[in-house]
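The values are calculated or read from the model by the stated rules, or taken from the named source; none is laboratory data. Small disclaimer: the values here were computed from a predicted structure and weren't measured. With ligands, DNA and RNA removed, areas are computed over all heavy atoms of the protein, side chains included. Shrake-Rupley method; radii C 1.70, N 1.55, O 1.52, S 1.80 Å.
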Amino acid sequence: MGIPAAVGVLVVVLAWLAGPGLFGIGPDVVGAPVQAQVTKPADCSSGAAAETVRFQLGGKEREGTLNGCGHGKDEHLQVIVPDDAAAEGTVAVTASESTTGSHDARAPIALALLVFACFCGGMYAYLVVRGPGRLALLS
(Lines give C-alpha, C1' and ligand atoms only; values in the text may rest on other atoms or scores of the structure.)
Protein backbone atom coordinates (compact mmCIF):
# COMPACT_ATOMS: atom_id res chain seq x y z
CA MET A 1 0.00 0.00 0.00
CA GLY A 2 2.92 2.32 0.60
CA ILE A 3 4.25 2.18 -2.97
CA PRO A 4 1.05 3.38 -4.70
CA ALA A 5 0.67 6.16 -2.14
CA ALA A 6 4.29 7.22 -2.62
CA VAL A 7 3.91 7.19 -6.42
CA GLY A 8 0.73 9.28 -6.14
CA VAL A 9 2.42 11.82 -3.91
CA LEU A 10 5.42 11.92 -6.26
CA VAL A 11 3.17 12.57 -9.29
CA VAL A 12 1.34 15.39 -7.49
CA VAL A 13 4.59 17.01 -6.31
CA LEU A 14 6.09 16.83 -9.81
CA ALA A 15 2.90 18.33 -11.28
CA TRP A 16 3.02 21.12 -8.71
CA LEU A 17 6.65 21.88 -9.54
CA ALA A 18 5.95 21.85 -13.28
CA GLY A 19 3.56 24.73 -12.77
CA PRO A 20 0.45 25.86 -14.63
CA GLY A 21 2.02 25.20 -18.03
CA LEU A 22 1.50 21.49 -17.44
CA PHE A 23 -2.26 21.98 -17.55
CA GLY A 24 -2.19 24.11 -20.68
CA ILE A 25 -2.59 27.42 -18.90
CA GLY A 26 -0.19 29.98 -20.29
CA PRO A 27 1.00 33.23 -18.78
CA ASP A 28 -0.93 36.46 -19.15
CA VAL A 29 -0.26 38.43 -22.29
CA VAL A 30 1.41 41.64 -21.19
CA GLY A 31 0.45 44.61 -23.28
CA ALA A 32 -1.84 47.53 -23.87
CA PRO A 33 -5.48 47.12 -24.90
CA VAL A 34 -6.35 49.20 -27.96
CA GLN A 35 -9.33 49.50 -30.29
CA ALA A 36 -8.72 47.93 -33.70
CA GLN A 37 -10.57 47.62 -36.97
CA VAL A 38 -10.54 44.45 -39.06
CA THR A 39 -9.20 45.24 -42.54
CA LYS A 40 -8.87 41.71 -43.90
CA PRO A 41 -11.14 39.10 -42.30
CA ALA A 42 -10.32 35.39 -42.37
CA ASP A 43 -12.62 32.44 -42.97
CA CYS A 44 -12.82 29.98 -40.09
CA SER A 45 -12.68 26.95 -42.40
CA SER A 46 -8.91 27.18 -42.77
CA GLY A 47 -6.70 25.74 -40.05
CA ALA A 48 -4.36 28.67 -39.48
CA ALA A 49 -6.68 31.63 -39.86
CA ALA A 50 -5.17 35.06 -39.29
CA GLU A 51 -6.92 38.38 -39.75
CA THR A 52 -5.34 41.74 -40.49
CA VAL A 53 -6.28 44.62 -38.19
CA ARG A 54 -5.49 48.33 -38.08
CA PHE A 55 -5.03 50.27 -34.82
CA GLN A 56 -3.49 53.40 -33.34
CA LEU A 57 -0.35 53.00 -31.24
CA GLY A 58 1.71 55.92 -30.04
CA GLY A 59 -0.18 58.31 -32.30
CA LYS A 60 0.71 56.31 -35.43
CA GLU A 61 -1.54 54.01 -37.38
CA ARG A 62 -0.21 50.47 -37.25
CA GLU A 63 -1.15 47.14 -38.80
CA GLY A 64 -1.26 43.84 -37.00
CA THR A 65 -2.12 40.19 -37.43
CA LEU A 66 -4.76 38.67 -35.20
CA ASN A 67 -4.68 34.91 -34.75
CA GLY A 68 -8.41 34.42 -35.13
CA CYS A 69 -11.31 34.30 -37.53
CA GLY A 70 -14.99 35.08 -37.96
CA HIS A 71 -14.92 38.85 -37.73
CA GLY A 72 -16.44 41.01 -40.45
CA LYS A 73 -14.63 43.58 -42.55
CA ASP A 74 -14.44 46.97 -40.78
CA GLU A 75 -15.61 45.39 -37.51
CA HIS A 76 -14.25 47.10 -34.40
CA LEU A 77 -12.78 45.02 -31.59
CA GLN A 78 -10.35 45.39 -28.73
CA VAL A 79 -6.92 43.78 -29.06
CA ILE A 80 -3.87 43.50 -26.82
CA VAL A 81 -0.67 44.94 -28.32
CA PRO A 82 2.44 43.46 -26.64
CA ASP A 83 4.69 45.84 -24.73
CA ASP A 84 7.71 44.68 -26.73
CA ALA A 85 6.11 45.45 -30.13
CA ALA A 86 8.52 46.59 -32.83
CA ALA A 87 8.48 50.27 -33.78
CA GLU A 88 7.92 49.44 -37.45
CA GLY A 89 6.22 46.65 -39.37
CA THR A 90 3.37 44.31 -38.60
CA VAL A 91 2.62 43.46 -34.98
CA ALA A 92 1.17 40.18 -33.75
CA VAL A 93 -1.80 41.03 -31.52
CA THR A 94 -4.27 38.94 -29.52
CA ALA A 95 -7.96 39.45 -28.91
CA SER A 96 -8.52 40.93 -25.47
CA GLU A 97 -11.52 38.71 -24.72
CA SER A 98 -9.35 35.62 -25.17
CA THR A 99 -7.05 36.65 -22.32
CA THR A 100 -9.59 37.99 -19.84
CA GLY A 101 -10.10 35.59 -16.96
CA SER A 102 -7.75 32.96 -18.32
CA HIS A 103 -6.23 32.36 -14.89
CA ASP A 104 -9.34 31.68 -12.91
CA ALA A 105 -9.72 28.39 -11.03
CA ARG A 106 -8.49 26.05 -13.77
CA ALA A 107 -5.05 25.29 -12.31
CA PRO A 108 -6.27 24.37 -8.79
CA ILE A 109 -9.12 22.30 -10.23
CA ALA A 110 -6.75 20.48 -12.57
CA LEU A 111 -4.41 19.74 -9.67
CA ALA A 112 -7.32 18.51 -7.52
CA LEU A 113 -8.45 16.20 -10.33
CA LEU A 114 -4.90 14.89 -10.63
CA VAL A 115 -4.83 14.17 -6.88
CA PHE A 116 -8.18 12.38 -7.16
CA ALA A 117 -6.92 10.32 -10.12
CA CYS A 118 -3.80 9.33 -8.17
CA PHE A 119 -5.95 8.35 -5.20
CA CYS A 120 -8.22 6.24 -7.40
CA GLY A 121 -5.26 4.53 -9.04
CA GLY A 122 -3.71 3.80 -5.66
CA MET A 123 -6.98 2.37 -4.33
CA TYR A 124 -7.32 0.17 -7.41
CA ALA A 125 -3.76 -1.12 -6.95
CA TYR A 126 -4.48 -1.76 -3.26
CA LEU A 127 -7.63 -3.73 -4.04
CA VAL A 128 -5.86 -5.79 -6.70
CA VAL A 129 -3.01 -6.63 -4.33
CA ARG A 130 -5.41 -7.66 -1.57
CA GLY A 131 -7.03 -10.21 -3.87
CA PRO A 132 -10.65 -11.19 -4.52
CA GLY A 133 -11.18 -12.96 -1.17
CA ARG A 134 -11.34 -9.74 0.84
CA LEU A 135 -13.72 -7.69 -1.32
CA ALA A 136 -16.75 -8.26 0.91
CA LEU A 137 -17.97 -4.69 0.37
CA LEU A 138 -18.21 -5.15 -3.39
CA SER A 139 -20.15 -8.45 -3.34
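Observations
- J(HN,Hα) series, region 112-124, from Karplus relation 6.51 cos²θ - 1.76 cosθ + 1.60, nearest Hz, glycine and proline x: 5, 5, 5, 4, 4, 5, 5, 4, 5, x, x, 5, 4
- Note on exposure: D84, D74 ranked by accessible area (1.4 Å probe, complete protein assembly) read D84, D74, with the most exposed listed first.
- Taking every protein chain into account, the 1.4 Å probe leaves L17 with about 130 Å² of accessible area, to the nearest ten.
- For K73, the solvent-accessible surface computed with a 1.4 Å probe is close to 130 Å², ligands and nucleic acids excluded.
- Protein-only accessible surface order, largest first, of E88, E63, E51 at 1.4 Å: E88, E63, E51
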